[in-house]
Every structure is written in C-alpha cells, then in structure tokens.
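A quick write-up on the structure given underneath.
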Amino acid sequence: MELMDKVTALAKRRGIIYPGSEIYGGLANTYDFGPLGVELKNNIKRLWWKRFVEGRPEIYGIDGSVIANPKIWEASGHIESFVDPLVECKACHRRFRADQLTDSKKCPDCGGELTDPKMFNGMFKTYIGATEDEGSLAYLRPETAQNIFVNFSNIVNTFSPPMPFGIAQIGKAFRNEITTGQFIFRTLEFEQMEIEYFIRADGWEKVFDSWQEELMNWAQFVGIKKEKLRFREHSEKERSHYSKKTVDLEYEFPGGFKEIYGLAYRGDYDLTNHAKHSGQDLSYRDPQSGEKFVPHVVEPSLGVERTLLPMLLDSYAEEEGRVILKLKPAFAPYKAAVFPLLANKEDLVGKAREVFEMLKQKFYIAWDARGNIGKRYFAQDEIGTPWCITIDFDTLKDETVTLRDRDTTKQERVSVDKLSQYLENKIAS
Ligand code: GAP
C-alpha cells in the first residue's frame, strides 16, 4: 500500500479523520475530524497562536466573521479575480480545472473530449434573509485575510501600535474546489492561520525574508522533515491578483512537491482598495513624527490541514511489526496513556485511576484497561501517544510506575510524584 493510503486508513481506523457525510455515500472534498483529529488540530492552532500572537507583543489576534458585507469581496478583487478556468468532459461529465491538466483537450479519467474553459468563481454563495436575490447575496469568506484588513482601523484606534505590527487570525475559509481525491490537502472548507504584517514600504524585502525563515522554522517545529521542504517563487503569471511577490513553502508529498504555506507581499493593495470602496481613511499616522501613509503588508498564510497532513506522513513508521506515529509530544493527541497491569485486580485499577486523575489535571491522558499490555502498547503507538504508564504490583509497594517510551520501547521506573514534572520536561524538550 502507498504511504498516503496507509495514513488515510490509519486516520479513519483510529478516529483521526473520517470521510464527510459517509453514511450518505460521502461528499467530495469534505472530511470530518474525529476525537484524535480535533486534538491534533487544536494543538497546531494553540501552539501557532502561542508562538505568533502571545509570543509576539506587536501581533494582535482577532476572530472575524465568516459571512461579511459582500462589498468586501468587491474591494478585495475576489468577485472579479478569484476565478479558475473550468472544463467539463463531454463523455463522463466530470469537471476539472483546466490550469491543473497536462492536456487541456482530453479528459484525464476517460479520455473523452473536454469543453472549452469557462471561468468560474471559487467563492461559495449564500443568501441572507428570506429572499434569494442580488440584494441578499453574500459569500462565505475564501480567506481569513480580509477580516483583518477591514479591522485595521479598529486595531490602530484601540491599541495605537507602533510600526511594524501584525494582525493574526485563525479561522475557517471556504472554496468551491472541483479537483477531487486529494484527501485533506484540498477541501471545500479548511482552516487558515494568517497574519497581515503591516510595514513601511521601504525595506519590505527584509521583512519578507524574515517571514520566510519563520515559516521554515515553524514547519520543522511541528515535526515536518527539513529535507521534504523547499521554497518556490511564483512566476508573474501565477501570482494572485493582489500580490507583488509570492513564495510558497512546498512539501514533497508522495505525488511530488505541493504548496503547504504561502508568503505574499501584498503591497498596499488591500488597504488602498478598501479605503476607495468604503470611503474611509485607512491610512496610518506615525505617533512620533505625525507622518501619514498607507502601510504595506507581508502575509504569511498557513493551512491547518496542510500542516497536519505532512505531520502525519512524516511521523508514520513501521518498525518490527508495529505501526507508530512518531508525532512530536507537544502535538500528540494524548500525552500519555495510563494502564492497570490487570483489569480484574481492584487495587491495581484503583491506583491506576488515582494516577490517571492526577495527570489529567494537566495533560490529555488516555485510559486503557482492555486486553493485554502488548495490545495496549500497539494501539497507543498507532495514535502517537509518546508514553505509556503501567501501574503494576511494584507500584503498590514503592509508588513507582513503568514508563515506556513510544519510539525506543525502552522502559524505566519513575516515581508517581515525579511523573507530572517528567512529562512536562519531556514535552518541552
Ligand atoms: N490570504 C492568502 C491566501 O489565502 P492561498 O495560497 O490561496 O493564499 C493560503 O491560501 C493557504 O491556505 C494555503 O497555503 C493552504 O495552506 C491553505 N489552503 C488554500 N486552499 C485550500 C484548500 N482548498 N484546502 C485546504 N487548504 C487550503
């Protein structure tokens, strides 16, 4: 089996990612995250926020609305320019993006003849209120970035930040994607972690370079292998309508290199256009010199699912008959699992419950009393639990437990009162 198929099967088997609407035959390009998938995504988002918002005093977090005034999308250029060329096979009626085909005349599935490309907009439409007409038309946001631009003055007025400063947001974005079969790489809805970093126009290249470094460091921090990563600069033709320079961080998926994150120099495109369309002054006044100008922007844009997928692919390992997800402990859904050696010995179960209750005050901990220890290790390895803690007969005598390491399978004895600190130190290292 190919690696992607193995990871997809594991994700379903172990409650990480399920196909969307499965009992109704599914819905292309939608997935639901199970109990462990939601933990993984929460860990990614929480650590991103900690690093880039809580860890950077000049970056302010917001949480904007998915549905916004449609004038935003006129000003941002999305109504006019967020379009892709669509072709349909005259024989099997499957649809494709013409720009993603190697042969734009022939259906890649059945070899049938394709229609001429027709431009279609990637934004999902909806209607506000009881009538469905032009006046009630609204869109689901295709990027979180625009919430940030339309709140630029709010942040400046409330916090008077000196230059440079950033505004960050994590949230869902929606795109009418027609290319199917790419697991969670390309979905109709996904989560973005975006920062608009507002700067003076002079010296934008230096800021751009530093964010490029930040993206690379973050990708490695989450556990993606350095040798699978590369930067690729967009050609002029490929660049989005708002961008003056774009570099993608690409990951080598089993089918080849593909974008996981984007870094764009958007100039003053967005603030200038929103000022024009809204009639509001969106310039910035330097608190010291009084100088007034429209800031430029560098935008690192990261997908949560495009973080998770390479993490899963790179952490998947098969060793001596076991499957292991070698996730970094900080990102693993459970930090440890607690077992009583035997499920039918009341004193062992009672002591194990005590240890479980103590650890779960601080960490997300799994409990397992089914089957034998070997099976429990096997199950925890598959979901990436870094440590398994067994309460055995010695624990009752000397208050120590057996702690087994996921990657080395080495076991050591640790005192119950040192467990919490032990896990904390290991997770932080
Ligand atoms: N605000 C800039 C922007 O949205 P983008 O390159 O279109 O730029 C940024 O998207 C990131 O969002 C991508 O690098 C990827 O991580 C994620 N992304 C975009 N479309 C996606 C989709 N259909 N499914 C999953 N993630 C997606």
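The values are calculated or read from the model by the stated rules, or taken from the named source; none is laboratory data. Computed from a predicted structure; not experimentally measured. So basically every Cβ, Gly included, is an ideal-geometry build from the backbone, and we count neighbours across all protein chains shown.
Going by the conditions given, is Asp99 modelled with pLDDT under 95, within 16 Å of the ligand (Cβ to nearest atom), over 30 Å from Ile16 (Cβ atoms) and out of contact with any His (no Cβ under 7 Å at 6 or more places or on another chain)? Even if it seems obvious, please write down each step before you answer.
Working: modelled with pLDDT under 95: yes; within 16 Å of the ligand (Cβ to nearest atom): yes; over 30 Å from Ile16 (Cβ atoms): yes; out of contact with any His (no Cβ under 7 Å at 6 or more places or on another chain): yes.
Answer is yes for this residue.
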(request) Hey, can you tell me all the residues within segment 20-43 that are more than 15 Å from the ligand (Cβ to nearest atom) and touching a strand residue (DSSP E or B) at 6+ places or on another chain (Cβ under 6 Å)? (result) Gly26, Gly34
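Could you tell me which of the residues Ser283, Ser301 is in contact with an Asp or Glu (Cβ under 7 Å, 6 or more places away or on another chain) and among the polar types (S, T, N, Q)? Spell out the reasoning first.
On the way: Ser283 fails: in contact with an Asp or Glu (Cβ under 7 Å, 6 or more places away or on another chain).
The match here is Ser301.
Inside segment 253-368, counting only strands (runs of 3 or more DSSP E) that do not spill past its ends, which hold 1 or more residues that are more than 14 Å from the ligand (Cβ to nearest atom) and free of Cβ contacts under 8 Å to residues at least 40 places away in the same chain? Before the answer, list the steps.
On the way: elements: 256-267, 296-303, 316-319, 322-325, 336-340, 365-367.
Strands (runs of 3 or more DSSP E) meeting the threshold: 256-267, 316-319, 365-367.
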(request) Of all residues in segment 81-97, count the ones that are free of Cβ contacts under 8 Å to residues at least 24 places away in the same chain and either under 14 Å from Thr180 (Cβ atoms) or part of a helix (DSSP H, G or I) (or both). (result) 3
(message) Can you confirm whether Glu412 is in a helix (DSSP H, G or I) and either modelled with pLDDT of 95 or more or among the aromatic types (Phe, Trp, Tyr) (or both)?
(response) no
(request) Kindly list, by first and then second residue, each pair from a residue in segment 232-246 that is closer than 21 Å to Asn121 by Cα to a residue that is within 13 Å of the ligand (Cβ to nearest atom) and aliphatic (A, V, I, L, M), limited to pairs with Cβ atoms under 7 Å and residues at least 6 apart or on different chains. (result) Ser240/Ala264; Ser243/Ala264
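Scan segment 148-178 residue by residue and report those that are of a type in the set (Val, Ile, Thr) and either more than 11 Å from the ligand (Cβ to nearest atom) or touching an Asp or Glu at 6+ places or on another chain (Cβ under 7 Å) (or both).
So the first thing to find is which residues in segment 148-178 are of a type in the set (Val, Ile, Thr), and the list is 148, 150, 155-156, 158, 167, 170, 178.
Across segment 148-178, the qualifying residues are Ile148, Val150, Ile155, Val156, Thr158, Ile167, Ile170.
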(request) Any chance you could count how many residues in segment 59-93 are among the basic types (Lys, Arg) and touching a strand residue (DSSP E or B) at 6+ places or on another chain (Cβ under 7 Å)? (result) 1
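Within segment 393-403, restricting attention to residues that are touching a helix residue (DSSP H, G or I) at 6+ places or on another chain (Cβ under 7 Å) and touching a residue at least 24 places away in the same chain (Cβ under 8 Å), which residue is nearest to Glu318 (Cα to Cα)?
Of all residues in segment 393-403, those touching a helix residue (DSSP H, G or I) at 6+ places or on another chain (Cβ under 7 Å) come to 395-396, 399-401.
From the residues that got through so far, the ones that are touching a residue at least 24 places away in the same chain (Cβ under 8 Å) too are 395-396, 401.
Working: Thr395: 32, Leu396: 35, Val401: 27 Å.
Filtering segment 393-403 for residues that are touching a helix residue (DSSP H, G or I) at 6+ places or on another chain (Cβ under 7 Å) and touching a residue at least 24 places away in the same chain (Cβ under 8 Å), the one nearest to Glu318 (Cα to Cα) comes out as Val401.
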(message) With the requirement that a residue be near the ligand (Cβ under 10 Å from one of its atoms) and at pLDDT below 95, what does segment 179-201 give you?
(response) Thr179, Gln182
(request) Under 6 Å between Cβ atoms, at least 6 apart or on separate chains: pull out the pairs that start in segment 129-147 with a residue that is under 13 Å from Trp73 (Cβ atoms) and in contact (Cβ under 8 Å) with a residue 12 or more places away in the chain and end on any residue that is within 16 Å of the ligand (Cβ to nearest atom) and of a type in the set (D, E, K, R). (result) Pro142/Arg175; Ala145/Glu194
(request) Return the total of residues in segment 52-92 being charged (D, E, K, R), in contact with a helix residue (DSSP H, G or I) (Cβ under 7 Å, 6 or more places away or on another chain) and at pLDDT 95 or above. (result) 2
(message) Looking at Glu236, Glu252, Glu214 in this structure, which one is surrounded by fewer than 21 Cβ atoms within 10 Å (Cβ to Cβ), of a type outside the set (Lys, Arg) and out of contact with any helix residue (DSSP H, G or I) (no Cβ under 9 Å at 6 or more places or on another chain)?
(response) Glu236
(request) May I ask you to say which residue of Ser235, Ser240 is within 10 Å of the ligand (Cβ to nearest atom) and either assigned to a loop (DSSP other than H, G, I, E, B) or on the phi > 0 side of the Ramachandran plot (or both)? (result) Ser240
(request) Scan segment 285-321 for residues that are more than 29 Å from Thr158 (Cβ to Cβ) and at pLDDT below 95 and jot them down. (result) Glu320, Gly321
(request) For segment 98-140, name all the residues that are within 32 Å of the chain's Cα centre (by Cα) and in a strand (DSSP E or B). (result) Lys118, Met119, Phe120, Asn121, Lys125, Thr126, Tyr127, Leu137, Ala138, Tyr139, Leu140
(request) Can you confirm whether segment 365-381 contains a residue that is under 29 Å from the mean Cα position of the chain (by Cα) and more than 23 Å from Glu318 (Cβ to Cβ)? (result) yes
(request) Return the only residue of Gln220, Gln212 being part of a helix (DSSP H, G or I), free of Cβ contacts under 8 Å to residues at least 60 places away in the same chain and within 16 Å of the ligand (Cβ to nearest atom). (result) Gln212
